[in-house]
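The structure under discussion appears below in the form of structure tokens.
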Amino acid sequence: MAKITPETVAERLERGDDDLRLVDVRDETDFREWHIPGSENVDVYDELKDDPDAAAEELADLPEHGEVVTVCAAGVLAADATDLLQEQGYDAKTLVDGMNGWARVHRTAPLDVGLEGELIQVARPGTGCLSHVLISEGEAAVFEPSQYTEEYEAILEAHDADFAGVFDTHAHADHVSGGQTLAEAHDAPYYLHPADDDGIDATRVEDGDGLEVGVVTIDVIHTPGHSPGSVTYALEDEALLTGDTLFHDSVGRVELGVDAGLEETDVEDNAETLYESLEGLRTVEGDPLVLPAHDPGSPQPPVAARLSEVEERNEAFGQDRETLVAALAGDIPDQPANFERIKLANVGTEEISDEEADELELGPNRCAAE
């Protein structure tokens, strides 16, 4: 059976390869929930399991030009679809590990910032997660790493940099952090606000703290609301790493910690707190790049916008207190998959295996308010 890796698909999509045709054979509900951008749904999931001849008949309607890549959840039924297509003369391949594999793809790009060093963005198109690596004067720091720490190890090795530490803006609810693992591997500090630490024993960061990586100063701004310990890291006046507090087109949700049983506040109080945090970010000097921890789409780096651009395009960022609080507390969108266990793992309350971590992360990102 012919196969193609998720990394190769990501590269070809990034360069706009018109010969690539992604055919998702999962049922329509799963496809609508989460799929690779540009793919089309041919719902033959049940037929592939029960009636391959019927599946072959439906797949025969595909145009015969280009290279077909079949997609399912883990690559099993898609492999059957590939066999059927090849029997009909199609140039067909199966996406290795399906959507599970797509969730593990990472893409990198440098950001154009005026720092004395480099700032590299690491994006996960399958989950919408964004993380960043700062390199300055032979030292490196990682912000918001995924659980797949080998992606960051490769960057550190390529720059031959001494590891200064890992920074999480908060205990995430949508993906398992690799912060503690990466820090322990290098005997380096793992920075997290104590309000989001329930057993990790991370190195504390508080509002007003200033740390240095190489010659770049990192200032800590406490921006609670999405979670009690949410912070924004200001890299001098060039970049704001806002976590899930401020996105380019939305703001953070305020009910996840409450629903996970980790916060004694209520949703309205959190919304009020988030409003105050956003107002604080509006007063930041200069016009830094806003670099959130997520993009609601399928991000291909670089994903960045100046603070002034965010103010213009992000309606929620400019709303008055009453309107924003009512919106955040009143219309709650669907929650991230398995967010309770992910949140508990990231604050240090629960331990999960690597296999469990892979499974818990599958699905769309939903940490932004809609």
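The convex hull around the C-alpha trace of the chain, projected and averaged over every direction, spans 18.6 square nanometres. Accessible surface for Arg21 stands near 50 Å², nearest 10, in the context of the full protein assembly shown (1.4 Å probe). The mean accessible area for residues of the range 129-247, using a 1.4 Å probe and ignoring ligands and nucleic acids, is 33 Å² per residue. Relative intensity of the range 260-301 on a log10 scale, I(q)/I(0) at q = 0.21 Å⁻¹, equals -0.90, per a Debye sum over C-alpha point scatterers of equal strength in the absence of solvent. Between Arg321 and Thr349, how high is the FRET efficiency from 1/(1 + (r/R0)^6) when r is the Cβ-Cβ distance and R₀ = 35 Å? Nearest 0.05. My answer for the efficiency is 0.60.
Potential lengthening of the chain between Glu311 and Val215 amounts to 31.6 nm, from the contour at 0.36 nm per residue minus the alpha-carbon distance.
With N denoting the number of residues in the range 187-288, provide Rg(C-alpha) divided by 2.2 N^0.38 Å, to two decimal places.
Working: Rg = 14.0 Å, N = 102, 2.2 N^0.38 = 12.8 Å.
This ratio for the range 187-288 stands at 1.10.
Two decimals, Cα atoms only, Kirkwood Rh: what is Rg/Rh over the range 11-105?
Details: Rg = 12.3 Å, Rh = 13.1 Å.
Using only Cα positions, Rg/Rh for the range 11-105 is 0.94.
Per-residue SASA remark: Phe339, around 10 Å² accessible (1.4 Å probe; ligands, DNA and RNA not included). Shape index of the range 73-114: Rg/Rh, with Rg the Cα radius of gyration and Rh the Kirkwood radius from the inverse mean 1/r over Cα pairs, equals 1.32.
Heavy-atom accessible surface of Leu256, to the nearest 10 Å², is about 0 Å², with a 1.4 Å probe and all protein chains retained.
Of the heavy-atom accessible surface of the chain (probe 1.4 angstrom), what whole percent is carbon and sulfur? Before the final figure, lay out each step's value.
Working: 6290 of 15570 Å².
Answer for the chain: carbon and sulfur cover 40 percent of the accessible area.
Once you reduce the range 1-25 and the range 228-246 to the center of their Cα atoms, the two points are 34 Å from each other. Put a plus charge on the Cβ of each Lys and Arg, a minus charge on the Cβ of each Asp and Glu, and nothing anywhere else: the dipole of the range 213-297 about its Cα centre is then about 240 debye. Computed from Cα atoms alone, the Kirkwood hydrodynamic radius reported for the range 134-181 is 11.1 Å. Taking the Cα atoms of the range 244-366, the ratio Rg/Rh between the radius of gyration and the Kirkwood radius comes to 0.99. Pairs of Cα atoms nearer than 8 Å and 6+ residues apart set the relative contact order; for the chain it is 14 percent.
With N denoting the number of residues in the range 94-133, provide Rg(C-alpha) divided by 2.2 N^0.38 Å, to two decimal places. Mind dumping the intermediate values first?
Details: Rg = 13.2 Å, N = 40, 2.2 N^0.38 = 8.9 Å.
Normalised Rg, Cα atoms only: 1.48.
The order of Phe143, Phe31 by accessible area, most exposed first and with a 1.4 Å probe, is Phe31, Phe143. Taking a straight line from the alpha carbon of Lys49, these lysines sit under 22 Å away, with near neighbours fewer than eight places off in the same chain left out: Lys3, Lys93. Where both partners of a DSSP beta bridge lie in the range 1-141, what percent of those bridges are antiparallel, to the nearest 5? If I count the DSSP bridges inside the range 1-141, around 50 percent turn out antiparallel.
Rounded, prolate or oblate: which fits the range 118-244, taking a ≥ b ≥ c as square roots of the Cα gyration tensor eigenvalues, rounded meaning a/c under 1.5, else prolate when a/b beats b/c? It comes out rounded by the Cα gyration axes.
Please report the antiparallel percentage of DSSP beta bridges with both residues in the chain, rounded to the nearest 5. Given both bridge residues lie in the chain, the antiparallel proportion sits at roughly 55 percent.
So what is log10(I(q)/I(0)) for the range 51-184 at q = 0.13 1/Å, when the Debye sum runs over its Cα atoms only? With one equal scatterer per Cα and no solvent, log10 I(q)/I(0) is -0.67. A protection proxy built from the mean count of other Cβ atoms within 10 Å ranks the segments 46-59, 156-169, 67-80, most packed first, as 67-80, 156-169, 46-59. With springs only between Cα atoms under 10 Å, which of Leu130, Leu182, Leu111 fluctuates most in a Gaussian network model of the chain? Among Leu130, Leu182, Leu111, the largest GNM mean-square fluctuation belongs to Leu111. A simple charge model with +1 on the Cβ of Lys and Arg, -1 on the Cβ of Asp and Glu and nothing else charged puts the dipole of the chain at about 460 debye relative to its Cα centre.
Evaluated at 20 °C with a viscosity of 1.002 mPa s, what Stokes-Einstein diffusion coefficient in µm²/s does the range 149-224 have when Rh comes from the Kirkwood expression over alpha-carbon pairs? Mind showing how you got there, number by number?
On the way: Rh = 13.4 Å.
Translational D for this selection: 160 µm²/s.
The values are calculated or read from the model by the stated rules, or taken from the named source; none is laboratory data. Computed from a predicted model, the values in this text were never measured in an experiment. A quick note on method: Cβ atoms are made from the backbone with ideal geometry, for glycine too, and the neighbour counts reach across all protein chains shown. Ligands, DNA and RNA are excluded from the accessible area calculation, which covers all protein heavy atoms including side chains. Shrake-Rupley method; radii C 1.70, N 1.55, O 1.52, S 1.80 Å.
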